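Read the structure below first, then the notes.
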Amino acid sequence: MKMDENLAAVHAYLCADGYVIKNPPTQRHNYYHIGLRGTNLTLLKDFQNKFEKVFGIKPHLIEGQRCRIGSKNIYEQLTKEFGSFYSWEWGMPKLRDNLLGIWLRAYFDCEGWVFCKSRQNRHIGVDCVNKTGLDQVEEALNKLGIATIRKFNKKRNIHRLIIYGKENIIRFRDKIGFLHPEKEIKLDKSIEDFMVYEWNFPENNQKIVEFLRQLFIDRARIRKAGYVYFISKERSNLKRLQDLLKKRYQIYSLFYQHINGIGTIYYELDINRKSEVKKLIDLGLIPNIFKPNKT
């Protein structure tokens, strides 16, 4: 069988919500069924059209339920070429790079979801009982430059793969995407929901002082140890602030890069020398955080 865009999608559909089955040996009546279960008409029609292009025969579509066909010949072609399609046993075929996105699109259209809690949690996820199959999905995503996180639910014996971060989600949209209409809309909304994190530094010197005062009020954090720090997802924000404080007020600071528990990179700027913190107090950028000396 020649692997092309149509067969890659059909294969993924069958691994996800599809089936390639025959009667058990104990049953007298022989049958060979191939089909895709699902309620979404867009996906069922896509499976039907691509299946016909691959095998030259159109499976029967039952709206809101499935698209199926009975064929011993097609059953034997599929199982001989790809092996089992059962939930615990399927595996990704060897695919050229240009077909990876096609296969992943059909798979995520069936099995994936998009979650968006505004300004807090935006991700794409998929659950699967087949660890080996999901390992291959993860490897394919990483090959497309999409970073992933893995989790395992021991109680349900289910493996979960999650795609976090604006860059990864945009890359998923550009290289894979969704055909499923509702998931496509949710994906676009989740990308739009990412805030613009760049700080708008004024060019006018007269406005710099007021800008800094407001920036310290809104974003500066003060630790009990007596130092001031800023957090931002944009590296340029803190680098520009660091340069501004050094050049204009000779206030020196330390710059760090961190990675949180879900793999998101963020940045920190610390002003931790007592002498530098006192400069901030003298400029009126922060309140006096030092206890007065007892006499």
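The values are calculated or read from the model by the stated rules, or taken from the named source; none is laboratory data. What you are looking at is a predicted structure, and each value in this text was computed from that prediction instead of being measured. When we count neighbours, we look across all protein chains shown, and the Cβ atoms used for this are built from the backbone with ideal geometry, even at glycine.
Which one is farthest from N130 (Cα to Cα), of the residues in region 5-31 that are surrounded by fewer than 18 Cβ atoms within 10 Å (Cβ to Cβ) and touching a strand residue (DSSP E or B) at 6+ places or on another chain (Cβ under 9 Å)?
N30
Would you say I34 is outside the structural domain of E111 (by TED's automatic domain parsing), touching a strand residue (DSSP E or B) at 6+ places or on another chain (Cβ under 8 Å) and not in a loop (DSSP other than H, G, I, E, B)?
yes
Please state which one of F115, F108, F85 is under 31 Å from the mean Cα position of the chain (by Cα) and part of a helix (DSSP H, G or I).
Criteria check complete, one pass: F108.
What number goes with the only condition from (1) under 17 Å from I176 (Cα atoms); (2) of a type outside the set (V, I, T); (3) part of a helix (DSSP H, G or I); (4) modelled with pLDDT of 95 or more that K53 does not pass?
(1)
Looking at the structure I just gave you, is T148 under 19 Å from Y107 (Cβ atoms), in contact (Cβ under 8 Å) with a residue 12 or more places away in the chain, among the hydroxyl-bearing types (S, T, Y) and in contact with a strand residue (DSSP E or B) (Cβ under 7 Å, 6 or more places away or on another chain)?
yes
Go through region 216-234 and give me each residue that's surrounded by 13 or more Cβ atoms within 10 Å (Cβ to Cβ) and closer than 20 Å to R119 by Cβ.
R219, F230, I231, S232, K233, E234
Quick check: is even one residue across region 112-120 out of contact with any Cys (no Cβ under 8 Å at 6 or more places or on another chain), at pLDDT 95 or above and crowded, with 17+ Cβ neighbours inside 10 Å?
For region 112-120, residues out of contact with any Cys (no Cβ under 8 Å at 6 or more places or on another chain), at pLDDT 95 or above and crowded, with 17+ Cβ neighbours inside 10 Å: present.
Where residues in region 243-262 are in contact with a strand residue (DSSP E or B) (Cβ under 6 Å, 6 or more places away or on another chain) and of a type outside the set (S, T, Y), which of them is nearest to L161 (Cα to Cα)?
I262
Looking at (1) at pLDDT 95 or above; (2) surrounded by fewer than 20 Cβ atoms within 10 Å (Cβ to Cβ); (3) touching a Gly at 6+ places or on another chain (Cβ under 8 Å), which is the one condition that is false for Y164?
(1)
Could you say whether any residue in region 24-46 is modelled with pLDDT of 95 or more, touching a His at 6+ places or on another chain (Cβ under 9 Å) and more than 24 Å from W113 (Cα to Cα)?
Scanning region 24-46, I find no residue that is modelled with pLDDT of 95 or more, touching a His at 6+ places or on another chain (Cβ under 9 Å) and more than 24 Å from W113 (Cα to Cα), so the answer is no.
Over 12 Å from the mean Cα position of the chain (by Cα) and either surrounded by 12 or more Cβ atoms within 10 Å (Cβ to Cβ) or in the same structural domain as L100 (by TED's automatic domain parsing) (or both): is that true of T148 in this structure?
Considered against the rule, which asks whether it is over 12 Å from the mean Cα position of the chain (by Cα) and either surrounded by 12 or more Cβ atoms within 10 Å (Cβ to Cβ) or in the same structural domain as L100 (by TED's automatic domain parsing) (or both), T148 comes out as no.
For a quick check of your reading of the model, give me the residue pairs whose first member lies in region 127-138 and is in contact (Cβ under 8 Å) with a residue 12 or more places away in the chain, whose second is surrounded by 16 or more Cβ atoms within 10 Å (Cβ to Cβ) and among the aromatic types (F, W, Y), with beta-carbon atoms closer than 7 Å and at least 6 apart or on different chains.
N130/W90; G133/W90; V137/Y107
Select, from G91, G64, the only residue that is modelled with pLDDT under 95 and either among the hydrophobic types (A, V, I, L, M, F, W, C) or over 30 Å from K233 (Cα atoms) (or both).
The match here is G64.
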